[in-house]
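Heads up, the thing below is written out as structure tokens.
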Amino acid sequence: MDEVLAPVPGKITKLLVKPGDNVQEDDQILLLEAMKMENPIFATSNGKIKEIRVKEGQDVDVDQVLLVIE
Amino acid sequence: MLEAILNGLGGLIAGFQALALDWRSMVMLIVGGILLYLGIKKDCEPLLLVPIGFGCILVNVPLTDLMAKDGFLRIIYDAGVDTELFPLLIFIGIGAMTDFGPVLAQPSIFLLGAAGQFGIFLTLLLALFFGFTKLEAVSIGIIGACDGPTAIYVTSKYAPHLLGAVSVAAYSYMALVPVIQPPIMRAMTTQAERQTVMKYTARPVSKTTKMLFPLVITVLGGLIAPKGLPLLGTIMLGNLMRESGVVSRLTKASENEIANVVTLFLGLCIGATMSGAAFLRPQTLIILGLGFLAICLDTVCGVLFAKGMRVLSGGKINPLIGAAGISAFPMAARVVQREGFKYNKKSFLLMQAMGANAGGQIGSVIAAAVMLSVLAGMGVIS
């Protein structure tokens, strides 16, 4: 189990994976807009996306759990 | 009768004859065309390069008098550039656009905004070495602020004959920050340093702090460097309007309508200073070279300073963020964020870099203010 946290406050602009997808470490999994810049967020480990806890367009705070990889 | 008609028709080709005799105008028409190309096709600061490029073309068509007394470009120049009014009006807009929150949340990062200004002073010394006068050297050094309006303000006041070269250098290098900085950042750091993950641990900044900040900086800065108060005061006025939240109409006008109108006029005027005789001189090339060096030196000093902070903090600071301590906002911070990702996908330097970058924005203005006040103290300027 590995929780991917928001590194900074911002807004989720795009989800690039869905639950059940297999991901490799350092794959892009979503885009987070912060300070008017769109930033890729990468998978923290190899595994399967268990749960996505945010929606596109949602504002997130620093350290908020974005999704869970298992 | 026939002779009169021929003479009259001759008037229509006089311009072509003058152009054929004047290689400088010819070259400058091409330079104007290149600036337009860069702005329109290459998306390189189009808001500036389109009016600058067109102004350059206008002023280099022979036998015209747009920059002569009562010419329309001269009227705009005298009203806004000669009086230093345009850069100050733009500063109100910049203040209204800038969120100093990331600086206030991480005060130590603010120091990086000071380190990024060393290039100004090193370049000033180099310009003196190349035989420029003191006032010219100040205007050239200020390119290292990486801050267009500051460079224009200082140059129009103290070395107006260099305005074209200095502003073209300042704006083109600003646009080239994403190209110039990364190789220097790489060369100055080790792989392990570049991979350092910095945790974003900003504490929230209260609205009161955000409103006090512009006021304190204005008064304190004005007392230390009275010569720079027009620069500091206008940027902080814009910022106070933004943070107060009660004059959104004025804030919006400052960052949109006023800034846009002034950018158009300012760009045209800068282009209009680029007449062949004034621009095509060896000193223009030296200025372009020194300006380039200034921005490289800024990056070097910023990264070195961040390396020092890394040592003091026990390895917690990623020295790449030092490169963001210049005024090119928010380009420099984005460059840092992108470079950080290249070396470590889990590294997220954006907020720290934005802090350093906003610090650099104030830093460049303060550096200019301090320099002017020191020069006034030395009796070089009045």
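Data for the structure
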item: Segment B:339-382: number of residues that are part of a helix (DSSP H, G or I) and either polar (S, T, N, Q) or within 14 Å of chain A (Cβ to nearest Cβ) (or both); result: 17
item: Members of segment B:307-338 that are away from chain A (no Cβ under 14 Å) and part of a helix (DSSP H, G or I); result: B:Lys307, B:Gly308, B:Met309, B:Arg310, B:Val311, B:Leu312, B:Pro319, B:Leu320, B:Gly322, B:Ala323
item: Yes/no for A:Glu25 being acidic (Asp, Glu) and in a strand (DSSP E or B); result: no
item: Residue under evaluation A:Val60, criteria (1) surrounded by 15 or more Cβ atoms within 10 Å (Cβ to Cβ); (2) closer than 15 Å to B:Lys346 by Cα; (3) more than 9 Å from chain B (Cβ to nearest Cβ), criterion not met; result: (2)
item: Segment A:47-59 residues that are in contact (Cβ under 8 Å) with a residue 12 or more places away in the chain, paired with ones that are part of a strand (DSSP E or B) and hydroxyl-bearing (Ser, Thr, Tyr) (beta carbon under 8 Å, 6 or more apart); result: A:Glu56/A:Thr13; A:Gly57/A:Thr13
item: Matching helices (runs of 4 or more DSSP H) fully within segment B:159-230 where at least 2 residues are under 30 Å from B:Gly276 (Cβ atoms); result: B:163-175, B:177-188
item: Sole exception among (1) within 11 Å of another protein chain (Cβ to nearest Cβ); (2) touching a Lys or Arg at 6+ places or on another chain (Cβ under 9 Å); (3) in a loop (DSSP other than H, G, I, E, B) for A:Glu38, by number; result: (3)
item: Subset tally (residues that are touching a helix residue (DSSP H, G or I) at 6+ places or on another chain (Cβ under 6 Å) and within 30 Å of B:Ala151 (Cβ to Cβ)) for segment B:181-198; result: 6
item: Unique residue being free of Cβ contacts under 8 Å to residues at least 40 places away in the same chain and not acidic (Asp, Glu) when the list is A:Pro7, A:Pro19; result: A:Pro19
item: Boolean, B:Phe118 is touching a Ser or Thr at 6+ places or on another chain (Cβ under 7 Å) and either under 15 Å from B:Thr299 (Cα atoms) or not small (Gly, Ala, Ser) (or both); result: no
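Every read-out reported here was derived from the displayed coordinates using simple, explicitly stated rules and does not represent laboratory data. If you're wondering where the values come from, they're calculated on a predicted model, not measured in any experiment. Cβ sites come from the backbone with ideal geometry, for glycine too, and all protein chains shown count toward neighbours.
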